[in-house]
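See structure below.
Coordinate-derived values only; no laboratory data. These numbers were taken from a predicted model, which means no experiment stands behind them. When we count neighbours, we look across all protein chains shown, and the Cβ atoms used for this are built from the backbone with ideal geometry, even at glycine.
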Amino acid sequence: MPKYSFNDFYEIIQKLRSKDGCPWDREQTHDSLKTCLIEECYETIEAIDNQDMKNLCEELGDILLQVVMHSVIAQENHEFTLDDVISEVSEKMIRRHPHVFGDVTVHNSEDVVTNWEKIKQVEKKEGTIADEIIRVPKALPANIRAEKVQKKAAKAGMDFENQEQVFSKINEELNELQDAIKIGDKSIINEEFGDVLFSVINLSRFLQLNAENSLTNATNKFINRFVDVFSLAERRGQNLCDMTPAEQEVLWREIK
């Protein structure tokens, strides 16, 4: 099996984008590839979670494909080149690691993170915490974005003092959601439901948990139990759709 270099790969993508290349690849734009980039990142994370190194190698290649494809498209549009991408990220790594490439002294990883954030603020010209919050990407998954916003607000002193206050806020938001449901206004229900979720994210932060991972694990647990319940019902000649909620609960508890 031949071994290809990075330059070989770059030329392959250029060929695909050329007039003699692939019709689908030629049609792609920065916008059309957004979903592909997101999907490839999630597939890479799943490979890591599964500790599947063979699949991880493949998925990292798919992410590299996205990077090179966007770079080739940008070069065609006279926006920037792949060399610009590599040069900029190299400069950033040197600039944000003054303890490695400069004369700054750090004692632990916390010092590194603190310096990183300070340097980033200067780079992004974020003069205030409000500027930082505004710049939190809207395209982030909602759980992750909420946590980032909350952490930045906490830096300005806007935070709960303890877990009890967070639980109190969650209960407050749940009561407001129940009141909204009684009123029946869909827009208000949607707003209050969002407030409940935002408060729960705050709790995950106080518990030092990753809400995204917690929800993923809970979903996986539900899937596994559902499959087991479904299989158990089939073995007993039962159909979940024909069963009452109480009968389904019996099977669920049996599996649990």
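Please order Lys19, Lys54, Lys120 by the number of other Cβ within 10 Å, starting at the fewest.
Lys19, Lys54, Lys120
Which residue, chosen from Ile144, Asn108, Val122, occupies the Cα position most advanced towards the positive end of the dipole of segment 99-144, where the dipole is computed from +1 (Lys, Arg) and -1 (Asp, Glu) charges on Cβ about the Cα centre?
Ile144
If you take the charge dipole of segment 20-76 about its Cα centre, with +1 on Lys and Arg Cβ and -1 on Asp and Glu Cβ, which of Ala47, Ser71, Ser32 is farthest toward its positive end?
Highest projection toward the positive end goes to Ser71.
Suppose only helical runs count, i.e. DSSP H with n ≥ 4. What mean residue ellipticity at 222 nm does that imply for the chain under -39500 (n - 2.57) per run, divided by all residues and rounded to the nearest 500 deg cm²/dmol?
Counting only the DSSP helices, I get -24000 deg cm²/dmol.
Given (1) 1, 6, 14, 18, 19, 16, 11, 7, 4, 2, 1, 0; (2) 1, 5, 7, 9, 11, 13, 14, 12, 10, 7, 6, 4, 2, 0, 0; (3) 1, 6, 11, 15, 15, 12, 10, 7, 5, 3, 2, 2, 2, 2, 2, 1, 1, 1, 1, 0, 0, 0, which label gives P(r) over Cα pairs in 5 Å bins from 0, in percent as computed from the coordinates?
Identified label for the calculated read-out: (2).
In whole Å, how far is the Cα centre of segment 60-75 from that of segment 1-34?
Distance between centres, Cα-based: 8 Å.
For a Förster distance of 35 Å, can you work out the FRET efficiency between the beta-carbons of Asn217 and Ile129, rounded to the nearest 0.05?
E(calc), rounded to 0.05, equals 0.65.
With +1 assigned to the C-beta of every Lys and Arg and -1 to the C-beta of every Asp and Glu, and no other charges, what is the dipole magnitude of the chain about the Cα centre in debye, to the nearest 20?
Once rounded to the nearest 20, the dipole reads 200 debye.
In segment 213-255, if every C-alpha pair distance is counted and binned at 10 Å from zero, what percent goes to each bin?
Bin by bin from 0 Å, the calculated values are 28, 50, 19, 3.
In the chain, with Lys and Arg counted as +1 and Asp and Glu as -1 at Cβ, which of these residues, Ala218, Gln208, Ala246, has the Cα nearest the positive end of the dipole, that is, farthest along it?
Towards the positive end, the residue furthest out is Gln208.
Please compute the net charge surrounding Arg96, taking Lys and Arg as +1 and Asp and Glu as -1 over other residues with Cβ under 10 Å from its Cβ.
Once positives and negatives cancel, what remains is +1.
Enter the Cα centre distance for the pair segment 202-256 and segment 135-184, rounded to the nearest angstrom.
27 Å
If you average the sequence gap of Cα pairs under 8 Å that are 6 or more apart and divide by the length of the chain, what percent do you get for the contact order?
9 percent
Report P(r) for segment 6-80: all Cα-Cα distances, bin width 5 Å, range 0 to the bin holding the largest distance, values in whole percent.
For segment 6-80, the pair-distance distribution reads 3, 16, 23, 23, 18, 10, 6, 2, 0.
Which order, highest average first, do 25-38, 145-158 follow once you tally other Cβ atoms within 10 Å for each residue and take the mean per peptide?
145-158, 25-38
Can you put Tyr4, Tyr10 in order of Cβ neighbours within 10 angstrom, beginning with the fewest?
Tyr4, Tyr10
Over segment 91-149, what number does the Rg to Rh ratio reach, with both radii from the alpha-carbon atoms and Rh per Kirkwood?
Using only Cα positions, Rg/Rh for segment 91-149 is 1.04.
In debye, nearest 20: dipole of segment 213-255 around its Cα centre with unit charges on the Cβ of K, R (+) and D, E (-)?
The calculation lands at about 160 debye.
Could you size up the charge dipole of segment 102-171 around its Cα centre, putting +1 on the beta carbon of Lys and Arg and -1 on that of Asp and Glu, and report it in debye to the nearest 20?
Approximately 440 debye in magnitude.
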